[in-house]
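Read the structure below first, then the notes.
The values are calculated or read from the model by the stated rules, or taken from the named source; none is laboratory data. Bear in mind that the values here come from a model prediction, so they are computed numbers and not experimental data. Neighbour counts run over all protein chains shown; Cβ positions are idealised from the backbone, glycine included.
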Amino acid sequence: MTSSYIFVKNESLSLELISSVVFSFGFLLCQFSWTEKFRSSFLSQIKNGTKTVSENFNLSISQSQITELYNEMKRYELLDQDKTSLDDFQKVLLEDWTSHQSKIHLKMDGPSSREFYDYLVKAFPSNNLTLKNFFNNSKLVLRPDGKTYKYNTIKNAPTRSTYSKRHTDLNMIFQKFE
């Protein structure tokens, strides 16, 4: 009975020794495999994965297109031309948000402004526009009462109705940019 006890004790001791050696070998292998090239590659992937918030819409639109869009929105009375000049319109859409005091004063309800945003993104796809940045973070696109649009109202607008009140006007404006 003592010999079987010694055998079991020796076997468990040898298993512990083997597992310790394997663990140490694996640990050393990991240390050597983390070369500088691997570390820099791994860290760059982590850095690229985190998005930085842009302070600009980076809208790819020509001067003539922005002028035409502004004039069409004035024509259909979709923006307050007394509070929003062409210069303001350009600055908001093209420049950094903090580099000017310009704002766009829309004459649209929530669903119409959401549809305007959707048309704008579709007509000029090369941009950094996000719904949240356009209406909430930038604080540059305002309601008729001069307040910012509520993000949740804008975000949920398409679920309430298929078309906005200004659908036909917006459709006419943005057909020119297709």
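Per-structure values
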read-out	value
Phe135 vs. criteria crowded, with 19+ Cβ neighbours inside 10 Å, at pLDDT below 90 and either under 20 Å from Met73 (Cα atoms) or touching a strand residue (DSSP E or B) at 6+ places or on another chain (Cβ under 8 Å) (or both)	yes
Residue, surrounded by the fewest Cβ atoms within 10 Å (Cβ to Cβ), within region 70-89, restricted to residues that are in contact with a helix residue (DSSP H, G or I) (Cβ under 7 Å, 6 or more places away or on another chain) and in contact (Cβ under 8 Å) with a residue 60 or more places away in the chain	Tyr76
Hey, Lys83 over 21 Å from the mean Cα position of the chain (by Cα) and within 20 Å of His167 (Cβ to Cβ) or not	no
Answer from Lys165, Lys176, Lys107 - the residue that is within 21 Å of Glu77 (Cβ to Cβ), of a type in the set (D, E, K, R), at pLDDT 90 or above and out of contact with any His (no Cβ under 8 Å at 6 or more places or on another chain)	Lys107
Output for region 90-114, where each listed residue is over 18 Å from Tyr70 (Cβ atoms), surrounded by 15 or more Cβ atoms within 10 Å (Cβ to Cβ) and either of a type in the set (Ser, Thr, Tyr) or touching a Ser or Thr at 6+ places or on another chain (Cβ under 6 Å) (or both)	Trp97, Gly110, Pro111
Region 128-152 residues that are closer than 16 Å to Ser112 by Cα, paired with ones that are exposed (fewer than 14 other Cβ atoms within 10 Å of the Cβ) (beta carbon under 7 Å, 6 or more apart)	Thr148/Lys139; Tyr151/Lys132
Meets criteria (surrounded by 16 or more Cβ atoms within 10 Å (Cβ to Cβ), over 24 Å from the mean Cα position of the chain (by Cα) and not small (Gly, Ala, Ser)) for Arg166	yes
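Let's see how each residue does on (1) in the same structural domain as Asn133 (by TED's automatic domain parsing); (2) at pLDDT 85 or above; (3) more than 30 Å from Tyr163 (Cβ to Cβ); (4) in contact with a strand residue (DSSP E or B) (Cβ under 9 Å, 6 or more places away or on another chain):
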position	(1), (2), (3), (4)
Phe27	no, no, yes, no
Glu95	yes, yes, yes, no
Ser99	yes, yes, yes, no
Asp118	yes, yes, no, no
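Conditions (1) touching a strand residue (DSSP E or B) at 6+ places or on another chain (Cβ under 6 Å); (2) under 22 Å from Asn171 (Cβ atoms), marked per residue:
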position: Lys103; (1), (2): yes, no
position: Asn127; (1), (2): no, yes
position: Thr130; (1), (2): no, no
position: Ile154; (1), (2): no, yes
